[in-house]
1. Just to be sure I follow: if Rg is taken over the C-alpha atoms of region 24-112 and Rh is the Kirkwood radius over the same atoms, what is Rg/Rh?
2. Could you tell me the number of lysine pairs in the chain with C-alpha atoms less than 20 Å from each other, where the two lysines are 8 or more residues apart or belong to different chains?
3. Rank Leu28, Leu146, Leu88 by mean-square fluctuation in a GNM of the chain with C-alpha springs under 10 angstrom and give only the top-ranked residue.
4. For the chain, modelled as a Gaussian network with Cα springs under 10 Å, which listed residue fluctuates most, Phe23, Phe37, Phe112?
5. With a point put 7 Å past each Cα toward its Cβ, work out how far Glu118 is from Asp42 in nm, to one decimal.
6. Specify the residue with the greatest mean-square fluctuation among Tyr99, Tyr149, Tyr86, computed from a Gaussian network of the chain linking alpha-carbon atoms under 10 Å apart.
7. What 222 nm value per residue comes from the helices of the chain, counting each DSSP H run with n ≥ 4 as -39,500 (n - 2.57) and dividing by all residues, nearest 500 deg cm²/dmol?
8. Could you give the angle, 0 to 90 degrees to the nearest 10, between helix 15-77's Cα long axis and the longest principal axis of the Cα atoms of the chain?
Amino acid sequence: MKLRKLKDDDDAVSISIGFILTFSITVLMLVTILSSFYTLMDQAEQKVMRDEFEIHGNDIAVRIATIDTMVGCADDSGSHIWEVRYELSLPQKIAGKPYSIKFDNSSADIVFVSEERENTKIKVPYYADNTIVISTTLHSPKGEYLMTYSPATNSITIS
């Protein structure tokens, strides 16, 4: 039986195959790490959007409730309100993306959604017992909106 030294044995060894295997494994690992990083970043972006939507939605709901309360107090005291206006300033983009705001009178919800992505959709309920909020959809690039109470129709219009 002939003994061979493994240290100096170059039989069936190819440098190019070793390089290709090492390079392929490195590329696969890098792609896996980068894709998981981008997934985490996307999830963080969506969470930021939902949080911002909730903040702005609650602010709008408070303003609707304030107008509704003023109208109810005025009616109860026998006085008359001619008009109430609130200037509403919202960011044009949240997390670098445009969004839309839908006021749904049937469900009394303010619905925020970014680029029609369901994972960023937020519903914020509002309360209006004495008035009607006209259903409408706003788009964020405008940025400046006006909430107006009209006593003729007993409604709040957001435009």
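The numbers here are math on the coordinates, done by the rules we state, and not lab data. Note that the coordinates shown come from a computational prediction; the quantities given were computed from them, not determined experimentally. Virtual Cβ from ideal backbone geometry, glycine too; neighbours counted across all protein chains shown.
1. Ratio value, two decimals: 1.30.
2. Here the count comes out as 16.
3. Comparing Leu28, Leu146, Leu88 in the GNM, the peak value goes to Leu28.
4. Highest fluctuation of the listed residues: Phe23.
5. Inter-label distance under the simple model: 1.5 nm.
6. Tyr86
7. That calculation yields -15000 deg cm²/dmol at 222 nm.
8. The angle comes out near 10 degrees.
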